[in-house]
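Asker: Got a structure for you, questions after.
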Amino acid sequence: MAEEIRAEIVGSILEVNTREGQDLHQRQTVMVLESMKMEIPVTTEYAGRLRRLAVQEGDTVIEGDLLAIVD
Amino acid sequence: MTAIVESNQTKSAPADRIRAMADPSTIVEQQHRDGAVWATATIQGVPSVLFTLDHRTRGGAMHEGNCALIVAAYQHALAHRLPIVGLWQSSGARMQDGVHSLHAVAKVFQVMILASGRVPQISVVLGPAAGGAAYGPALTDIVIMAPAARVFITGPTIIRDVTGEQIDDERLGGPGPHSNASGVTHLAADSQDHAFEQAAALVELLGAPGRCDAELAVDRPFSGLLPERSQRAYDIHPVIDRILDAPLIELQPGWARNVVTGIGRLGGGTVGVVANNPLRKGGCLDARSAEKSARFVRMCDSFGIPLVVLVDVPGYLPGVAEEWGGVVRRGAKLLHAFGEATVPRVTLILRKAYGGAYIAMNCRGLGADHVIAWPQAEVAVMGATAAVRLLHRRELAAEPDRATLEARLVEQHVRSAGGIAAAAELGVVDEIVHPDRTRHALALALAALPAARGSHGNIPL
C-alpha cells in the first residue's frame, strides 16, 4: 500500500536529501520544506522504499500537493 | 434516528465484553434487559460502572427497555461519582417502535448530558454504531474505536440512494476516517482487546488521578531533543515523553496534528498535556487544532486534571481557507477554554511564542498559574525579521544593500527586545529554567497549586 506524502502547509522545497529507490526507515526525513520562516522536515509515516519524488529543490507547493510516494 | 447496517462480525456476548474490560472478580451485574446489561466493577482498581447493549439481538437496536437500563447505569454512576464506560455496538433506535424508541434514545442522551463533566464517560465502539448509537458515544468524553467499529449517522446504502456517492462502510465510518478526517474518535485500537486496555488505562488516569509529587519527578536531560538551528522544526513527542513519567496516551493523534493533546502522569499525578508540534505546519495554531485543544482543556478542567502546556508556536496559520473556515470563531474556543479553567495549569515556553498564538497557549493574561521559559525562548508580537520588515519597510525599500541593513536592524531589534528576561520583568514569565531542570520545575509548580476543578460540562466542541 503506497503512502502518498503531501504538503501539510504552503511553502517551498528547501532541501531534498533522499533519492528515488532509497530505503527509508519510519519517520525518516524525506525533504525539508520552508514555510512560516521555519525549516520543516517532511517525514515518512512508515518504513519503505522511496518510489517517487514529485518535487525538487526550489519548487513552491501548496497544502495538499504531492511531495513523494513511499511503497 | 435509524440506519440500515450489516449484521455484526464480532460474536462475543455482552457479559464477555464486560469481563474483558473490568477486573473480573469485582464484576457485579446490576440489571439485565433484553440482553443488555449494566454492572459495577473496578477497572484497574478504580470503582466504575459499565454498560453494554446486546448486539446479537436485532443488531443491538435501542428501545425503551435497553435505554432505560443505560439511564439506570448513569443514575448509579452519578449518585456515586463513578466513571462510566459504555460498550457500543448497535444499529441505533429500533425502527419498529417508531417514536417510542426515539424518545428512549433522547432520554439516554439527556442523562449523558447531565453527567457531562461530572463523571468521566468513555465509549468503546466495538462494531457498527449508527444513528442514535453514534450520538451516544459522541456525547461522551472519550471515544475509542476497535477495528470493526463503524460510526455514521446515515450509512452507505442511504447515501448512495440520496446523493449517488458510492462508499463502503469502513471508508465512510471506520476508525481510519474518524481518526484522520473527522476527529470523531480519540483512539483507534489495533484490536478489541487493545481497545479495552486503552479504555482501562484512561479510566485509571481520570478516575484515580492522584497528585503530582515533585520528589518523584526527577530531572532528565533535554539536550539533543531540539535541533541546533532555531528555525528547524522538530517533533514534540519525545519532549513530552521526556517530561512525563511514562509515554503519553495521546488523544486524536491523527487529527489536527499541529497540536498534541494527551494524558499521562507527572510525579505520579495525572496531567493533561497540550503541546504545539512544530513538525506539523510549523506548529502554527489553526481553526481545527484550536478546537481540538479547547475541548481537551475543558475535559481536563471538568475532572480536575492539571494542565501542562508546551509552547513553541510561530502564530496562526494564514490563508483564506482558515478565515472562511472560521479560525476566528473556533480559535475563540481555545481562548475561552483556558480563560475559564480553574484547574492548575502550567505553561512551558520552549522556543517561541508569537502574537495571538502566544495569548492562546495558556499565557499569564489568561490566568496561567505558572509560566516557565527556557533561556533562549522568545515571547514577542512576531519574529525579529518579520518585525523589522514591517517597522522599517520604507527604509529597507530605499536601501540598495537591503540584506546587510536588514541584518543590522534585526540584531538591534533583538538586543532592544531584551530576550526572555524582558518577558520575565514584565511578569508574563515567572521563571527561566534550564532545559535539564524542566521536569522538576514543572512538577514543583504543579505540586504547589491547590487542587481545583471547573464546574461546567464537557460539551463536545
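Asker: Scan A:T43, A:T60, A:T18 and give me the residue that is at pLDDT 95 or above, over 11 Å from the mean Cα position of the chain (by Cα) and not aliphatic (A, V, I, L, M).
Answerer: The unique qualifying residue is A:T60.
Asker: When only residues in the stretch B:371-398 that are open to solvent by less than 70 Å² (accessible area, probe 1.4 Å) and within 14 Å of another protein chain (Cβ to nearest Cβ) count, which is farthest from the chain's Cα centre (by Cα)?
Answerer: Among those residues, the one meeting the criterion is B:V388.
Asker: Moving to a separate point now. Could you list, in sequence order, all residues of the stretch B:227-248 that are within 14 Å of another protein chain (Cβ to nearest Cβ) and in a loop (DSSP other than H, G, I, E, B)?
Answerer: Residues satisfying the conditions are B:P227, B:E228, B:R229, B:S230, B:Q231, B:A233, B:Y234, B:D235, B:I236.
Asker: What number of residues within the stretch A:1-11 are under 9 Å from the mean Cα position of the chain (by Cα) and part of a loop (DSSP other than H, G, I, E, B)?
Answerer: Of the residues in the stretch A:1-11, 1 are under 9 Å from the mean Cα position of the chain (by Cα) and part of a loop (DSSP other than H, G, I, E, B).
Asker: I've got another one for you. Assigned to a helix (DSSP H, G or I) and in contact with an Asp or Glu (Cβ under 9 Å, 6 or more places away or on another chain) - does that describe any residue in the stretch B:254-274?
Answerer: For the stretch B:254-274, residues assigned to a helix (DSSP H, G or I) and in contact with an Asp or Glu (Cβ under 9 Å, 6 or more places away or on another chain): absent.
Asker: Of all residues in the stretch A:12-71, how many are open to solvent by 80 Å² or more (accessible area, probe 1.4 Å), under 25 Å from B:E322 (Cβ atoms) and outside any strand (DSSP E or B)?
Answerer: Residues meeting the conditions: 3.
Asker: Please work out if B:L266 is in contact (Cβ under 8 Å) with a residue 60 or more places away in the chain and more than 14 Å from chain A (Cβ to nearest Cβ).
Answerer: It is true that B:L266 is in contact (Cβ under 8 Å) with a residue 60 or more places away in the chain and more than 14 Å from chain A (Cβ to nearest Cβ).
Asker: Going by what's in this entry, would B:G454 be described as outside any helix (DSSP H, G or I) and in contact with a helix residue (DSSP H, G or I) (Cβ under 7 Å, 6 or more places away or on another chain)?
Answerer: So B:G454 fits the description; yes.
Asker: Go through the stretch B:192-226 and give me each residue that's under 26 Å from B:A377 (Cβ atoms), open to solvent by 40 Å² or more (accessible area, probe 1.4 Å) and either among the charged types (D, E, K, R) or within 14 Å of chain A (Cβ to nearest Cβ) (or both). I'd like the intermediate steps shown before the answer.
Answerer: Initially, the stretch B:192-226 is screened for residues under 26 Å from B:A377 (Cβ atoms), giving B:212, B:214, B:217-226.
In the following step, the residues that additionally are open to solvent by 40 Å² or more (accessible area, probe 1.4 Å) were identified as B:218-221, B:223-224.
Result: B:D219, B:R220.
Asker: Show the residue pairs meeting these rules: Cβ distance below 7 Å; 6+ apart or different chains; first residue within the stretch B:329-342 and more than 10 Å from B:R298 (Cβ to Cβ); second residue of a type in the set (D, E).
Answerer: Note: pairs meeting the criteria are B:R330/B:E291; B:T342/B:D301.
Asker: Do you know which residues across the stretch B:67-120 are of a type in the set (A, V, I, L, M), open to solvent by 10 Å² or more (accessible area, probe 1.4 Å) and not in a helix (DSSP H, G or I)?
Answerer: Of the stretch B:67-120, the ones of a type in the set (A, V, I, L, M) are B:68-73, B:77-79, B:82, B:84-85, B:87, B:93, B:95, B:99, B:102, B:104-106, B:108, B:111-115, B:119.
Subset that is open to solvent by 10 Å² or more (accessible area, probe 1.4 Å): B:68, B:71-72, B:78-79, B:82, B:95, B:99, B:102, B:106, B:111, B:113-114.
Hit for the stretch B:67-120 is B:L82, nothing else.
Asker: I need a count of the residues in the stretch B:275-301 that are open to solvent by 10 Å² or more (accessible area, probe 1.4 Å), part of a helix (DSSP H, G or I) and within 14 Å of chain A (Cβ to nearest Cβ).
Answerer: 2
The values are calculated or read from the model by the stated rules, or taken from the named source; none is laboratory data. All of these numbers come straight from a predicted model, not from anything done at the bench. Note that each Cβ is placed from the backbone with ideal geometry, even for glycine, and that neighbours are counted across all protein chains shown. These accessible areas exclude ligands, DNA and RNA; they are computed on the full protein's heavy atoms, side chains included. Shrake-Rupley method; radii C 1.70, N 1.55, O 1.52, S 1.80 Å.
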